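Read the structure below first, then the notes.
The values are calculated or read from the model by the stated rules, or taken from the named source; none is laboratory data. Everything numeric in this text was worked out from a predicted model, so none of it was measured. SASA here: full protein model, heavy atoms, side chains in, ligands and nucleic acids out. Shrake-Rupley method; radii C 1.70, N 1.55, O 1.52, S 1.80 Å.
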Amino acid sequence: MNFGYPSSNEKHLNPSQTPSNISQYGVRDVMSTGLQQPLRDSLEVAHPLERVEKNRVQSEFQRNMNMMRDIQGIHAPLRIAMELKAFNNVGRLPFLPSSNLSRDVILGHDDVIDFCDILNPPELHEKLSRPHVAMERKLGLL
């Protein structure tokens, strides 16, 4: 029972020293910040090919841009880069999912069916958050 007295094991944190994801009781606020990344993601690579596979998409994109520059001139990769930057600057509410269809069309991946298309549908994501908390975090109010 609590009679209004502070707990003996409660940590009193100074609000100016408290990070935004720590509540006043010293517990991480999982509902607004999400779960921590798995430990395996923060570890070093286990196999030399793992690093190559992680960077495969980016290196393939750079290779295609270099080939396009050699064949069509500098304007073609600049146009693609401009369209991708314009797509990334589209204002979207942070709690609404995006299919990234226009990015797939720009990169030419709209006709490719991948594991993520079948095994990772957006309706099964567990990233549901409270809309007001997400907007306050994006605007820097939280």
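One table, with the values for the structure above:
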| item | result |
| --- | --- |
| Gain on full stretching of the segment that runs from Val112 to Lys54 - 0.36 nm per residue minus C-alpha separation | 19.0 nm |
| Zero-based 10 Å bins, Cα pair distances in the stretch 68-142, whole percents | 15, 32, 32, 17, 5 |
| Most to least accessible of Leu93, Leu107, Leu101 (protein chains only, probe 1.4 Å) | Leu101, Leu93, Leu107 |
| Heavy-atom SASA rank of Met82, Met68 (probe 1.4 Å, accessible area, largest first) | Met82, Met68 |
